[in-house]
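One structure is given below, encoded as structure tokens.
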């Protein structure tokens, strides 16, 4: 197997992993509203959110050096990261506006619930967008 084939396989696996982490982050957010053990699920949500942010960032690839890391972190991938970060930013702003409207009704959501929803919306949308762009580029 050549280095390029290996890089393509790893890039595809990374893109599919982004979909999985986005789904798990949303599921963990939903479980934080469960009436049983919400603090445990809040911790799990925080863990998935932290790993998702690391997965979105180029930090893991930049820490590695070598030809495979350079193939995985090319200018197209950097542009996809930039575009997905911008989409995630706008999704976070939209979620914040919705939470502001919902939060004006007393007793519906607390501030920490709203913050979790905003973070999850921004991160999940950015991950899905990055994964979609990466899979499209792999075709």
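Against the main long axis of the alpha-carbon atoms of the chain, helix 111-138 sits at an angle near 20°. Each residue in 90, 45, 36 was given a count of other beta-carbon atoms within 10 angstrom of its own, and listing them fewest first yields 36, 90, 45. Only helices enter the 222 nm calculation for the chain: every DSSP H run of n ≥ 4 contributes -39,500 (n - 2.57), and dividing by all residues gives -29000 deg cm²/dmol, rounded to 500.
The spread of Cα positions in the range 3-138, taken along each principal axis and listed from longest to shortest, comes to 56, 29, 23 Å.
With the simple spin-label model, which puts each label point 7 Å out from Cα in the Cβ direction, the residue 136 to residue 109 separation comes to 2.8 nm. A Förster radius of 22 Å combined with the Cβ-Cβ distance from residue 34 to residue 93 puts the calculated FRET efficiency at roughly 0.20.
Neighbour counting of Cβ atoms within 10 Å sorts the residues 98, 53, fewest neighbours leading, into 98, 53. Note on the range 54-109: Rg/Rh from Cα positions, Kirkwood definition for Rh, rounded to two decimals, is 1.28. Here the extension length gained between residue 78 and residue 10 equals 22.9 nm, from 0.36 nm per residue of separation less the Cα-Cα distance. Length gained on full extension, residue 102 to residue 19: 27.1 nm, using 0.36 nm per residue less the C-alpha separation.
With R₀ fixed at 30 Å, the C-beta to C-beta distance from residue 57 to residue 3 puts the FRET efficiency at about 0.80.
Which number do you get for Rg(Cα) / (2.2 N^0.38 Å) in the range 1-80? Taking the Cα Rg and dividing by 2.2 N^0.38 Å, one obtains 1.38.
Since every read-out is calculated from the coordinates, none of them should be taken as a lab result. Just so it is clear, the structure is predicted and the values come from calculations on it, not from any experiment. A quick note on method: Cβ atoms are made from the backbone with ideal geometry, for glycine too, and the neighbour counts reach across all protein chains shown.
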